[in-house]
Amino acid sequence: MAALAGLFASPAFPFPSTSASSSSSCSCRFRPTVACAPRHPPASRRVMRRFDEVEGASKKRRGGNGGGGGGGSLASSTRKDKGLSVDFKEPQVADFEDLEEDKFLNAVVKVYCTHIRPDYGLPWQKQRQHSSTGSAFMIADGKLLTNAHCVEHDTQIKVKRRGDDKKYVAKVLARGTECDLALLSVENEEFWRGTEPLQFGRLPCLQDSVTVVGYPLGGDTISVTKGVVSRIEVTPYAHGTSDLLGVQIDAAINAGNSGGPAFNEEGECIGVAFQVFRSDEAENIGYVIPTTVVSHFLNDYRKNGKYTGFPCLGVLLQKLENPALRESLKVPSSEGILVRRVEPTAPASSVLRKGDVITSFDGVSVGCEGTVPFRSTERIAFRYLTSQKYAGDVAQLGIIREGNFMKVPTILHPRKHLVPFNVEGGQPSYLIVAGLVFTPLTEPFIEEECEDTMGLKLLAKARYSLSTFEGEQIVIVSQVLANDVNIGYEHMGNQQVIKLNGTMVKNIHHLAHLVDTCQDKFLTFEFEDDFLVVLDREEAVAASSDIQKEHAIPSVRSLDLLEPYVDTNHEVQNQGEDFGDSPVTNFELGVDCLLWA
């Protein structure tokens with residue numbers, strides 16, 4: 001991995017300020033569609049329109065010969081000696097050398113990726129591979145920037161420059177799931193010959209013109225669409241299910257545009273196209289990741305050698321718009337937001353309590369609607385301030401507790417969801433005991449299995465429960481591989497295991513440890529609603545090898561469970577009763593006065 005000092009020191013990387021004063025909510029039900037193009041769309045989807053008339057006049061190209069110009073993207077016109085015949089034939093090779101106008105286009109490349117997604121129902125194998133295309137662009141120090149969803153579960157990544165017929169192999173250096181960004185490298189020096197990286201610009205203003213460049217569906221060559229900045233606010237990111245600053249534009253963003261740059265009128269990159277909002281009631285709503293988020297991602301990688309994430313407080317907040325509510329909490333002014341719930345694993349749990357009112361964050365006043373000042377005349381969601389911090393940073397909170405004002409410091413860390421939205425390492429953990437397939441509950445598993453088959457109680461835990469200690473997981477039996485040893489249990493599926501021989505299960509690694517160290521005659525698994533599964537331990541061990549061969553399973557446990565188990569010494573609460581009163585993310589919140597930060 002090459003050093004990235006030049007990447008961040010280069011003049012081609014003038015990041016905007018991330019202070020609240022100089023830098024810059026949407027519906028909690030917002031679920032934008034991620035744009036990523038399949039490699040070969042059906043012919044019926046590729047609609048071509050024929051133009052029989054040429055509109056407009058020829059335009060001189062910059063750096064031409066001063067007279068007739070010609071070449072490039074506009075047709076050249078040549079007057080004949082006889083008559084007024086006009087020749088619109090394009091020369092095979094441009095007859096000019098100054099391509100300054102196209103420099104920002106030449107830095108945009110097409111990404112070809114082959115993906116192999118894990119099979120969460122059969123966690124020891126993977127699904128059939130598929131291919132997609134996207135966009136990326138060159139930044140300083142020989143790196144490419146694209147969307148994380150463009151290279152998700154990748155096995156091979158190739159990139160191709162504009163006007164070139166050769167593809168080059170690329171590798172992922174870092175991927176940020178929350179911010180939907182990925183950093184790529186291409187080792188072949190030929191790929192970088194004669195190229196110039198893009199320059200980053202500052203956060204745009206409303207009504208600023210924006211140009212989106214990429215390789216969307218509809219053709220194989222580069223595409224350019226134009227529009228204006230419609231809105232700037234904290235936006236749900238579909239890929240990482242997080243809330244970060246986003247720029248809404250009305251320029252067309254289609255499948256394949258993902259990872260392509262958006263430019264201002266000066267040719268500076270002001271963001272990365274990444275998602276659209278599709279609805280029968282809305283049109284032309286596309287979103288761009290602004291350079292404030294891009295700079296955070298790249299600086300995080302430079303400082304830590306990897307992506308560590310965007311930190312948060314881990315608190316559920318309620319707006320304080322009602323005067324009677326503020327008076328009951330002894331809040332003298334119309335500012336501050338009420339703390340309704342604090343994540344047990346968040347560092348803020350040691351300094352914040354339910355009923356506290358947060359009035360400031362690092363000296364910035366927080367309004368009663370949960371917003372903070374943004375630029376000169378705007379306001380933005382409080383979450384914006386926490387997202388400007390890095391993992392491990394300390395924030396000073398001004399709070400009112402029982403009428404008394406105080407300042408408390410707290411460390412900020414990224415959230416650890418009880419049911420994660422992505423699987424670390426790309427492959428799910430699993431443990432097979434006498435044909436019972438145990439695996440942690442994750443959002444990709446729920447998506448693959450369909451919510452209708454999960455059961456309301458398990459879904460409620462996924463949506464409403466928080467981790468009570470570091471490393472906690474909901475471990476379920478996804479299916480039972482039928483065998484004589486598990487007669488009577490064959491139809492089990494999607495049920496949470498609570499205890500093994502009376503010991504509460506902390507996570508799947510802990511379950512594997514309990515099975516390995518058990519010396520009792522029986523393995524007694526206690527599931528949700530007091531359902532019991534009792535197995536003869538010796539028979540279970542003997543049957544496991546036969547089940548493994550019968551189903552062509554390479555191993556009865558995933559590789560991560562082969563590592564020695566380290567006990568966290570945390571006491572596990574009764575997981576069957578650990579339900580909160582509100583969803584654990586803003587995506588499921590149905591009440592506008594609540595929000596996570």
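The values are calculated or read from the model by the stated rules, or taken from the named source; none is laboratory data. No experiment lies behind these values; they were computed from the predicted model shown. Note: ideal-geometry Cβ built from the backbone for every residue, glycine included; neighbour counts use all protein chains shown. These accessible areas exclude ligands, DNA and RNA; they are computed on the full protein's heavy atoms, side chains included. Shrake-Rupley method; radii C 1.70, N 1.55, O 1.52, S 1.80 Å.
Tabulated results
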| read-out | value |
| --- | --- |
| Residue check for GLN479: outside any loop (DSSP other than H, G, I, E, B), open to solvent by 10 Å² or more (accessible area, probe 1.4 Å) and either in contact with a strand residue (DSSP E or B) (Cβ under 7 Å, 6 or more places away or on another chain) or of a type in the set (Ser, Thr, Tyr) (or both) | yes |
| Residues that are farther than 18 Å from THR241 by Cα, surrounded by 17 or more Cβ atoms within 10 Å (Cβ to Cβ) and out of contact with any Pro (no Cβ under 6 Å at 6 or more places or on another chain), drawn from the range 450-474 | MET454, LEU458, GLU472, ILE474 |
| Selected residue (criterion: farthest from GLU528 (Cα to Cα)) from residues of the range 416-462 that are in contact with a strand residue (DSSP E or B) (Cβ under 9 Å, 6 or more places away or on another chain) and of a type in the set (Val, Ile, Thr) | VAL423 |
| Members of the range 162-181 found to be of a type in the set (D, E, K, R), touching a helix residue (DSSP H, G or I) at 6+ places or on another chain (Cβ under 7 Å) and more than 21 Å from TYR237 (Cα to Cα), listed by number | ARG162 |
| Top-ranked residue in the range 284-304 [being open to solvent by 40 Å² or more (accessible area, probe 1.4 Å) and either outside any helix (DSSP H, G or I) or touching a helix residue (DSSP H, G or I) at 6+ places or on another chain (Cβ under 9 Å) (or both); ranked as nearest to SER360 (Cα to Cα)] | ARG302 |
| Considering residues of the range 255-276 that are open to solvent by less than 10 Å² (accessible area, probe 1.4 Å) and of a type in the set (S, T, N, Q) only, the residue nearest to HIS239 (Cα to Cα) | GLN275 |
| Subset tally (residues that are surrounded by fewer than 17 Cβ atoms within 10 Å (Cβ to Cβ) and closer than 11 Å to ALA597 by Cα) for the range 327-355 | 0 |
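Here's the yes/no breakdown for (1) among the small types (Gly, Ala, Ser); (2) assigned to a loop (DSSP other than H, G, I, E, B); (3) in contact with a helix residue (DSSP H, G or I) (Cβ under 8 Å, 6 or more places away or on another chain):
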{"position": "PHE137", "(1), (2), (3)": "no, no, no"}
{"position": "PHE191", "(1), (2), (3)": "no, no, no"}
{"position": "THR195", "(1), (2), (3)": "no, yes, yes"}
{"position": "PRO216", "(1), (2), (3)": "no, yes, no"}
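Each row is one residue, and each column tells you yes or no for (1) modelled with pLDDT under 95; (2) over 25 Å from the mean Cα position of the chain (by Cα).
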residue: ALA462; (1), (2): yes, no
residue: THR468; (1), (2): yes, no
residue: GLY471; (1), (2): yes, no
residue: ILE487; (1), (2): yes, yes
residue: LEU514; (1), (2): no, yes
residue: THR524; (1), (2): no, yes
